[in-house]
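Below is one structure; the comments refer to it alone.
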Amino acid sequence: MTTNLTLKDILQKAQKEGWATGHFNFSELDQMRAIVEACYEIKSPAIIGLSEGERKHLGLKEAVALRDVMRGEYKVPIFLNADHSKSIEAAKQAVDAGFDSVHIDLSALPFEQNMAGTKEVVEYAKNKFSIFNFQFSIEGELGYLKGESKIQKEKIAVNPEDYTKPEEAVRFVKETGINRLAIVVGNIHGISLDEPSLDIERIKEIRSAVPEEVALVLHAGSGIPDEQIKEAIKAGIANIHINTDIRVAYVEGLKRSLQEKPEEVAVYKIDQQAIDDLKKVVVEKLKLFGATGRT
Ligand code: G3H
Ligand code: ZN
C-alpha cells in the first residue's frame, strides 16, 4: 500500500474532505481482481465485500488469502468486509477468519435486540484484537432496507416510517460502539422500477446527530441517479455500497461473449469481456464518489 491508513482513517478523511469510499461486492476471483485493478489504476482505496451467500461461494479463508495476495501485488488500500452478516455467528466467523471489517446487520430485529446483538459483535472483536491497535471496523444497520441486489421486476413501496430515526441512531451508536452506521433514507437494494428519491435532509439530520468518528454508509447504491449520490456525499455519506450495477455489467458481458463466440470452450477467453465491463463500472463509480487519487 502506498499509505498505511486504516479503514477508519480513510473514512474519516473521506468525510472531512467530502468524498466517499466505494464498497463493491464480489463472489469470484476475477471480479475481485477487476475491482482491485480499477482501484490501482485510479489510485483509490475501496472496501471489497461479500454477503453471506457470496462468501459461502468463495470461502472465507480464500477471500482473506486473495486479499493478502492482491494487497501485495497492487499495493492499494483494500479492506475486506463481511457484508450483511445476518447473525452474530456469521459475523464472528468473519472476525476469526481475518476480515478487516464486519457489517452486522440485525436490522430485521426489534431495536433493542438489534442493539444488543450488534454490541456483542463489537465486544467480540475488541476482545480478539489489541485494544491499543484496534484497526478492525464494525458496521451496524438501523432502519428497514428493502430489496435484494437484482433488477427488480415489481415496484417496491418506500415508506418513510422505515427510515433511520436520528434519535435512535444516536442511542444505537453510543451503546454499541460501532464505527460505521448503515442508514435507510429512501434507498432500496437492487435496481428498482421507480427512480429512487433519497431523503437528503434525513442524512444531514443523522450526520449532525451522530458523533463524527462514526461514518455513515449508504447501501443499495445501484440505480441511484448520479446527482443524488453527489448530494448524499455532501450531506455526510462516507461509504457507498454497489452490487447490482456490477453484477449486471458482469453477466451482460458474459452473455455477449457467449453469443459472439458460441464455439469457445476456454472459460478465460469467454469471461474477459465480463471482467472488463465490471472494471469499467467500478472506475465510473469511484470517479463519481470523488475517490480517485486518494491512496
Ligand atoms: O451491501 C450491498 C449493497 O447495499 C448493494 O446494493 O445491489 O443496490 O447496489 P445494490
Ligand atoms: Zn447492502
Q. Is there any pair linking a residue in the range 62-84 that is over 18 Å from residue 38 (Cα atoms) and part of a strand (DSSP E or B) to one that is open to solvent by 50 Å² or more (accessible area, probe 1.4 Å) and within 16 Å of ligand 1 (Cβ to nearest atom), with Cβ under 7 Å and at least six apart or on different chains, and which?
A. 84/52
**Q.** Positions within the range 237-270 being aromatic (Phe, Trp, Tyr) and within 15 Å of ligand 1 (Cβ to nearest atom), in sequence order
**A.** 250
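So how many residues does the range 32-59 have that are farther than 19 Å from residue 247 by Cβ, part of a helix (DSSP H, G or I) and open to solvent by less than 40 Å² (accessible area, probe 1.4 Å)?
1
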**Q.** Sole exception among (1) open to solvent by 30 Å² or more (accessible area, probe 1.4 Å); (2) closer than 20 Å to residue 142 by Cα for residue 261, by number
**A.** (2)
Q | Odd one out for residue 252 among (1) part of a helix (DSSP H, G or I); (2) out of contact with any Asp or Glu (no Cβ under 7 Å at 6 or more places or on another chain) | A | (2)
Q) Checking residue 84 against (1) away from ligand 2 (no atom under 16 Å from the Cβ); (2) open to solvent by 10 Å² or more (accessible area, probe 1.4 Å); (3) under 25 Å from residue 214 (Cβ atoms), which single condition isn't satisfied? A) (1)
Q.
I'd like the full set of residues that are within 11 Å of ligand 1 (Cβ to nearest atom) and either without any contact (Cβ under 8 Å) to a residue 40 or more places away in the chain or over 18 Å from the mean Cα position of the chain (by Cα) (or both), limited to the range 219-236.
A. 223, 224
Q: Note down all Cβ pairs under 8 Å where the first residue falls in the range 259-286 and is touching a residue at least 24 places away in the same chain (Cβ under 8 Å) and farther than 15 Å from residue 26 by Cα, the second is open to solvent by 30 Å² or more (accessible area, probe 1.4 Å) and among the hydroxyl-bearing types (Ser, Thr, Tyr), and they're at least six residues apart or on different chains.
A: 286/292
Q. Do we find that residue 109 is under 17 Å from the mean Cα position of the chain (by Cα) and either away from ligand 1 (no atom under 14 Å from the Cβ) or more than 25 Å from residue 48 (Cβ to Cβ) (or both) in this structure?
A. no
Q) Quick check: anything in the range 188-205 more than 15 Å from ligand 2 (Cβ to nearest atom) and either in a strand (DSSP E or B) or hydroxyl-bearing (Ser, Thr, Tyr) (or both)? A) yes
(Q) With small (Gly, Ala, Ser) and within 18 Å of residue 121 (Cβ to Cβ) as the only criterion, which of 223, 177 stands out? (A) 177
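I need the full set of residues from the range 5-28 which are in a helix (DSSP H, G or I) and either within 16 Å of ligand 2 (Cβ to nearest atom) or crowded, with 22+ Cβ neighbours inside 10 Å (or both), in order please.
Start the filter on the range 5-28 by keeping residues that are in a helix (DSSP H, G or I), which leaves 7-17.
7, 10, 11, 14, 15 - these are the residues of the range 5-28 that are in a helix (DSSP H, G or I) and either within 16 Å of ligand 2 (Cβ to nearest atom) or crowded, with 22+ Cβ neighbours inside 10 Å (or both).
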Q: Can you give me the number of residues within the range 268-284 that are open to solvent by less than 30 Å² (accessible area, probe 1.4 Å) and under 18 Å from residue 228 (Cβ atoms)?
A: 1
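Taking the range 186-219, which residues are open to solvent by less than 10 Å² (accessible area, probe 1.4 Å) and under 25 Å from residue 79 (Cβ atoms)? Step through it out loud before you land on a result.
Of all residues in the range 186-219, those open to solvent by less than 10 Å² (accessible area, probe 1.4 Å) come to 186-187, 190, 203, 206, 210, 214-219.
187, 190, 203, 206, 210, 214, 215, 216, 217, 218, 219, listed by residue number.
The values are calculated or read from the model by the stated rules, or taken from the named source; none is laboratory data. Just so it is clear, the model here is predicted, and its values are computed rather than measured. All Cβ positions, glycine included, derive from the backbone under ideal geometry; neighbour counts span all protein chains shown. Just the protein is used for accessible areas: all its heavy atoms, side chains included, with ligands, DNA and RNA removed. Shrake-Rupley method; radii C 1.70, N 1.55, O 1.52, S 1.80 Å.
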